[in-house]
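The values are calculated or read from the model by the stated rules, or taken from the named source; none is laboratory data. Source: prediction; values computed, not measured. In this analysis, Cβ positions are derived from the backbone assuming ideal geometry, glycine residues included, and neighbour counts consider all displayed protein chains.
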Amino acid sequence: MNVPFLSLKDVTALHGAEINEAVSRVVNSGWYLQGEENARFERNYANYIGTKHCIGCANGLDALIWIWRAYIELGVMQPGDEVILPANTYIATHLGITENGLIPVCVEPKEETLEIDEDKIEEILVKREEQRVKNGIENRIKAICIVHLYGRCAYTDKIGELCKKYDLKLVEDNAQAHGCVAQVRGKNGEVRTVRTGAIGDAAGHSFYPGKNLGALGDGGAVTTNDDELAACIRALANYGSQKKYVFQYTGRNSRLDEIQAAVLDVKLKYLDQDNKYRQQVATYYYDHISNPLITLPKRLDDANNVYHLFPILVKSEISHQSSVISNRDRLHDYLAENGVGTVIHYPIPPHMQECYANASWNHSSLQGGVGGRLSLPITERIHNSELSLPIGPTITMDEVAYVVKLINEFK
Ligand SMILES: Cc1ncc(COP(=O)(O)O)c(C=O)c1O
């Protein structure tokens with residue numbers, strides 16, 4: 001049996017007639033940018049997420065870049081300010097920050113959830129506060145960026161409370177979690193169900209084709225309830241212009257085109273249904289995978305996980321010659337030999353990437369990592385043992401059962 005990691009052709013075919021109709025409509029309209037399709041999708045997506053504004057842009061990385069840049073333009077932050085973010089993420093989360101001259105403060109994940117560890121965030125904030133009070137060192141941490149990685153909700157009430165206590169912006173990287181929800185506790189103890197992307201002050205979304213809500217090319221968006229921030233981002237993504245031929249900022253051309261907006265608007269209608277199917281696949285994986293070499297991340301309530309990916313962790317072993325045997329790599333090859341596609345998310349963590357080898361934030365005499373870099377052992381362990389299994393709206397339950405059978409037979 002052949003089980004691709006994700007067949008984008010099949011995903012598109014699932015709603016093929018409507019998608020083709022939407023594309024033809026735009027092709028034949030003669031209007032390809034900043035038109036009705038964008039306006040409609042932005043309205044519908046803002047409505048779906050539960051925010052006042054949605055601003056379409058070129059891709060998910062730009063969405064993050066624009067959020068940080070807008071905070072700088074509005075005087076809320078300055079280059080050199082710091083942002084707490086998860087060490088375990090796709091590098092785009094870091095790039096959005098460093099592109100703007102802001103400094104990442106990498107925080108390890110909780111081993112069982114793989115998401116940013118709220119207690120470690122608190123430790124850093126408490127330490128900074130002590131340094132400020134005792135030694136007069138300015139605390140330049142201005143924001144926490146959480147990433148709902150793999151489709152798992154990363155928000156906790158403690159993170160919300162820390163943002164309030166230390167007057168920090170909360171930015172969500174929702175590139176992997178369209179449709180996910182969080183239970184958010186309010187001031188009086190009441191609990192509200194809020195979609196990821198509407199929890200914090202602003203959120204970046206990616207519509208890269210393989211995402212739960214994917215375009216037929218690149219696409220992204222920012223959602224926020226902040227009028228000023230929204231207006232600034234809309235201008236930044238349109239050369240810095242709020243009025244034709246008048247430029248308030250040095251922006252870029254970073255717009256969502258009409259074809260992508262039309263396609264996304266079709267797929268948005270089916271997002272919940274597609275996510276439900278992903279949850280059904282995940283349930284089968286959780287209930288049937290049984291192999292002592294494999295650990296599954298803590299199972300969340302279905303509402304809190306839209307299973308963009310299904311990560312498993314595969315234990316490595318030490319051979320008789322004292323070298324490390326990567327069972328993850330062996331499993332990847334064994335599944336490939338049996339026709340099953342898997343992908344590692346991600347093989348090298350951002351702080352170990354060449355582009356950040358000389359970054360000031362990545363060097364700490366106290367931390368003693370490889371080559372003087374930060375040492376982030378939990379993140380590094382995850383990147384050495386993670387493997388993502390096939391999951392998506394088009395994989396069949398027979399295929400899922402085949403993948404599980406192979407995994408359970410793996411030695
Ligand atoms: C966590 C995360 N953030 C940001 C991005 C960037 O999105 P894009 O590929 O649309 O630029 C991605 C995606 O690929 C991602 O996975």
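Among the listed residues Gly189, Gly214, Gly200, Gly179, which satisfies the condition of being without any contact (Cβ under 8 Å) to a residue 60 or more places away in the chain, over 17 Å from Thr89 (Cβ atoms) and either touching an Asp or Glu at 6+ places or on another chain (Cβ under 7 Å) or assigned to a loop (DSSP other than H, G, I, E, B) (or both)? Among Gly189, Gly214, Gly200, Gly179, only Gly189 is without any contact (Cβ under 8 Å) to a residue 60 or more places away in the chain, over 17 Å from Thr89 (Cβ atoms) and either touching an Asp or Glu at 6+ places or on another chain (Cβ under 7 Å) or assigned to a loop (DSSP other than H, G, I, E, B) (or both).
Looking across region 293-324, the residues that are farther than 19 Å from Ile382 by Cβ and part of a loop (DSSP other than H, G, I, E, B) come down to Asp301, Val306, Ser319, His320, Gln321, Ser322, Ser323. Restricting attention to region 127-144, the residues that are charged (D, E, K, R) and under 24 Å from the mean Cα position of the chain (by Cα) add up to 1.
Scanning region 224-235 for residues that are away from the ligand (no atom under 16 Å from the Cβ) and not charged (D, E, K, R) turns up Thr224, Asn225, Leu229, Ala230, Ala231, Cys232, Ala235.
Checked across region 314-325, the condition of being closer than 23 Å to Leu114 by Cβ and either in the same structural domain as Gly16 (by TED's automatic domain parsing) or at pLDDT 95 or above (or both) holds for at least one residue.
Determine, yes or no, whether Lys9 is within 19 Å of the chain's Cα centre (by Cα), modelled with pLDDT of 95 or more, within 30 Å of Val340 (Cβ to Cβ) and more than 16 Å from the ligand (Cβ to nearest atom).
So Lys9 does not fit the description; no.
Just one of the numbered conditions (1) under 23 Å from the mean Cα position of the chain (by Cα); (2) buried (at least 18 other Cβ atoms within 10 Å of the Cβ); (3) over 20 Å from His383 (Cβ atoms) is not true of Val147: (3). Of the residues contained in region 225-244, one or more are found to be under 25 Å from Gln34 (Cα atoms), of a type in the set (S, T, N, Q) and part of a loop (DSSP other than H, G, I, E, B).
Note on region 96-155: residues that are within 16 Å of the ligand (Cβ to nearest atom), not aromatic (Phe, Trp, Tyr) and not in a strand (DSSP E or B) amount to 14. Only residues that are at positive phi and away from the ligand (no atom under 14 Å from the Cβ) were counted in region 194-223, giving 0.
Residue count for region 85-100 under the criterion of being buried (at least 24 other Cβ atoms within 10 Å of the Cβ) and more than 13 Å from the chain's Cα centre (by Cα): the result is 1. The one condition from (1) under 23 Å from Ala303 (Cβ atoms); (2) of a type in the set (A, V, I, L, M, F, W, C); (3) surrounded by 15 or more Cβ atoms within 10 Å (Cβ to Cβ) that Leu168 does not meet is (1).
The set of residues from region 28-82 being small (Gly, Ala, Ser) and either in contact with a Lys or Arg (Cβ under 8 Å, 6 or more places away or on another chain) or buried (at least 23 other Cβ atoms within 10 Å of the Cβ) (or both) comprises Ala46, Gly50, Gly56, Ala58, Gly60, Ala63, Ala70, Gly80.
If I filter region 51-95 down to residues being in a loop (DSSP other than H, G, I, E, B) and within 15 Å of the ligand (Cβ to nearest atom), which single residue comes out as farthest from Lys142 (Cα to Cα)?
The extreme case among them is Ala58.
Taking each residue of region 256-273 that is under 20 Å from Asp62 (Cα atoms) and looking for partners that are outside any helix (DSSP H, G or I) and hydroxyl-bearing (Ser, Thr, Tyr) with beta-carbon atoms closer than 9 Å, six or more apart or interchain, yields Asp257/Tyr32; Glu258/Tyr32; Ile259/Tyr32. When Leu162 is tested against (1) more than 20 Å from the chain's Cα centre (by Cα); (2) outside any strand (DSSP E or B); (3) surrounded by fewer than 17 Cβ atoms within 10 Å (Cβ to Cβ), just one condition goes unmet, and that condition is (3). Of the residues making up region 286-299, just one is surrounded by 18 or more Cβ atoms within 10 Å (Cβ to Cβ) and under 22 Å from the mean Cα position of the chain (by Cα), namely Pro297. Within region 101-113, residues that are crowded, with 17+ Cβ neighbours inside 10 Å sit with their Cβ atoms under 6 Å from residues that are of a type in the set (Ser, Thr, Tyr), at 6+ positions apart or across chains, in these pairs: Glu108/Thr379. The C-beta contact set for region 318-338 (first residue in contact (Cβ under 8 Å) with a residue 24 or more places away in the chain, second residue in a strand (DSSP E or B) and surrounded by fewer than 12 Cβ atoms within 10 Å (Cβ to Cβ), distance under 9 angstrom, 6+ apart or interchain) comprises Ser326/Glu317; Asn327/Glu317. Has region 240-250 got any residue that is loosely packed, with under 15 Cβ neighbours inside 10 Å and of a type in the set (Ser, Thr, Tyr)? Yes; the residues of region 240-250 include at least one that is loosely packed, with under 15 Cβ neighbours inside 10 Å and of a type in the set (Ser, Thr, Tyr).
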